[in-house]
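Here's the structure, in structure tokens; my notes come after.
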Amino acid sequence: MPKHFRLLALAATLTASALVLTGCSLGDFVGGVFGGSTQNTADPSEGSPEAALAAAYAGVTSDQMLLAVDFPEAVQNVAIVSCPLSIPSCAASANAVSDAVVLAGWWPMIIDGGDPAGVGQAIRIAIAQAATVIVMMETSCRGLEIPLDEVALAGVPVIAVGGEDNCDPKRFAVTTRWTAEHAVGKRQTMVGALQADYVFGRTTGEVKALVLTVADDPYTTKISEGFTEKLTKLGGGEAVEKLALTAAEISDKSFTKKVVDAAKTSGANAIIVPEDDWLTTGGLAAALARDPKTSELLVIGHGGTAAALDIIRSGGAGLTATVGQSFDWMGWGAVDAIVRLYAGAPTVFIGDAMQVIDVDHNMPETGKYTGGIDAQEKYAKLWVRATPTPTPSPTNGTNQNDEN
């Protein structure tokens, strides 16, 4: 790739209409077949509160016994077309991929696809910025046939992390899976299921949950659906209220009063929160802790950010537990998917861990949830390089994934 294109990729700022620089597909090789050796695939939580709680702590994990693969000699310009960056877990996923791309010696650029209409424009921006590979996150093919055909004409492969290649003919070079049993896009559903396991176990089956979502936002509604579906399977408790918030309320933090009021009037004994950031930077945990009528409620989030775990470690009110998701592991998995694509090797599963964390279980000593591994060290050892590892540096001045 010409040097000036790489420099342009690092200097640009990408959104759906303008560039933002910043800073996921793997699993195990078992018995000669790429697959995932995972836990929590047979619904072991059904039956009793004790079993549900044990399943929440076990979560979904993978042995991640991967085979080595040749690393491509050419430096890659990786465009990461993200689901809306306004959603903290989308931003964390995109930043994790970007960080891994940089540390692998390549050049990243994150493009905020925003709503579905913006994804096509984001794909065209990636082509214009001389991307050599595109990572599309949480986006299915249908409805994007025209821009994806333009990608094909430009000779740029597309790796789909989440979503499905539901076009005919297929458009994605690689469609990743989380494990053999779980598509990547099932993560949100699994988050809700693990939240249900936890609160069912902690309330001995007497769940009265206030479930938070953002109206018309599939990433939060999938968590809500996963929670209610699993609660039904468990056979006890209910979602006494589903509170649909707006993006504007989240942004200006006015949602905190709305949630506290709903918690007091609904008779809930648990609050199901789809994003840790709502509890930390959004101020919800502090608001719940301040009110005597809500300070004793069971509250579970999602993400496993350092800020959320600090609250849980302290044993304070406002946040009891969270579903940890290993975003760093996902990021390195995305880079490994690119490596295997160029090496002509079969794609393997992401397999990154997801478990419930509370003060006594799965809690790292410091920082954020990592799934118990050093993902950078793990994946770097798998790649056979013909030349020393290059070391480009991000130009945005700060690592946006430090807080996740």
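The values are calculated or read from the model by the stated rules, or taken from the named source; none is laboratory data. Bear in mind the structure is a predicted one, so any value in this text is a computation, not a measurement. With ideal geometry, Cβ positions are generated from the backbone for all residues, glycine too; neighbour counts draw on all protein chains shown.
Among (1) of a type outside the set (Asp, Glu); (2) surrounded by fewer than 23 Cβ atoms within 10 Å (Cβ to Cβ); (3) at pLDDT below 90, there is one condition Ser89 misses while meeting the rest; what is its number?
Checking Ser89 against (1) of a type outside the set (Asp, Glu); (2) surrounded by fewer than 23 Cβ atoms within 10 Å (Cβ to Cβ); (3) at pLDDT below 90, the one that fails is (2).
Conditions tested, residue by residue: (1) at pLDDT below 85; (2) over 15 Å from the mean Cα position of the chain (by Cα); (3) of a type in the set (Lys, Arg).
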{"site": "Gly331", "(1), (2), (3)": "no, no, no"}
{"site": "Ile338", "(1), (2), (3)": "no, yes, no"}
{"site": "Gly344", "(1), (2), (3)": "no, yes, no"}
{"site": "Ile373", "(1), (2), (3)": "yes, yes, no"}
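Only one residue in Ala270, Ala317 is farther than 23 Å from Gln188 by Cα, touching a helix residue (DSSP H, G or I) at 6+ places or on another chain (Cβ under 6 Å) and aliphatic (A, V, I, L, M). Which one? Spell out how you get there, then give the answer.
Values: Ala270 fails: farther than 23 Å from Gln188 by Cα.
Step by step, each of Ala270, Ala317 is checked, and only Ala317 is farther than 23 Å from Gln188 by Cα, touching a helix residue (DSSP H, G or I) at 6+ places or on another chain (Cβ under 6 Å) and aliphatic (A, V, I, L, M).
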